[in-house]
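Scroll down for the structure; my scribbles are underneath it.
Computed from the coordinates by the stated procedures, all read-outs in this text should not be read as laboratory data. Model, not experiment: these values are computed from the prediction. All Cβ positions, even for glycine, are placed from backbone atoms using ideal geometry, and neighbour counts span all protein chains on display.
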Amino acid sequence: MNSDGQIRNRRRTVWLLSLLVVGMFGFGFALVPLYDLLCQVTGIQSVNIRSSGEAVAQVTEQEDGRLITIKFDTSVHPNLPWDFRPLESNLKVHPGKIYQVDFAAHNRSSESITGQAIPSVVPWQATAFLNKLECFCFNQQTLAGSESVDMPLRFMISPDLPPEIRSLTLSYSLMKLDSRPVDATNREKG
């Protein structure tokens, strides 16, 4: 009898552990779509989200007279020896019209470095109405030592932007990408 009870307990344990493994695999598989959904619901702009050019094709006429002020803001992570700034800090735009702004980047170091710009929009409610057609933030940027480049941003504000939003800020945080593998000594130092 004791042997039958042990066998039943082992089977139940194996069954529960199998369910746990399947559940963990399912959660890991669903994590990326869940993250994208969370970003969409909260208005956080993910690196992988690209605005669709379809929005431009749908615009048939510009809204007359309405001007939206866009402020451009940049920041550079301290471990990235780059200068990074918009060539225009403010721009007044008409919804439905395509605009281009260039951002200047300069690598102050003597070695080649790769960086990635992370965009964000304030107020977050305006995120869905800012359609980026071409953006340096879509790809990693590699600058050789002492290299300077102008990086374009082509965008359009949707005419569907709520009327109470008259200005927005588009911020880019530029961060260094490190391709070196992390070893145990670096991990312990934190």
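Just a few scattered comments:
- Taken as a whole, segment 123-135 holds no residue that is outside any strand (DSSP E or B) and under 16 Å from His77 (Cβ atoms).
- Residues being assigned to a strand (DSSP E or B) and in contact with a Pro (Cβ under 7 Å, 6 or more places away or on another chain) - total across segment 75-106: 4
- Matching residues, segment 110-136, being more than 18 Å from the chain's Cα centre (by Cα) and surrounded by fewer than 15 Cβ atoms within 10 Å (Cβ to Cβ): Ser110, Glu111, Ser112
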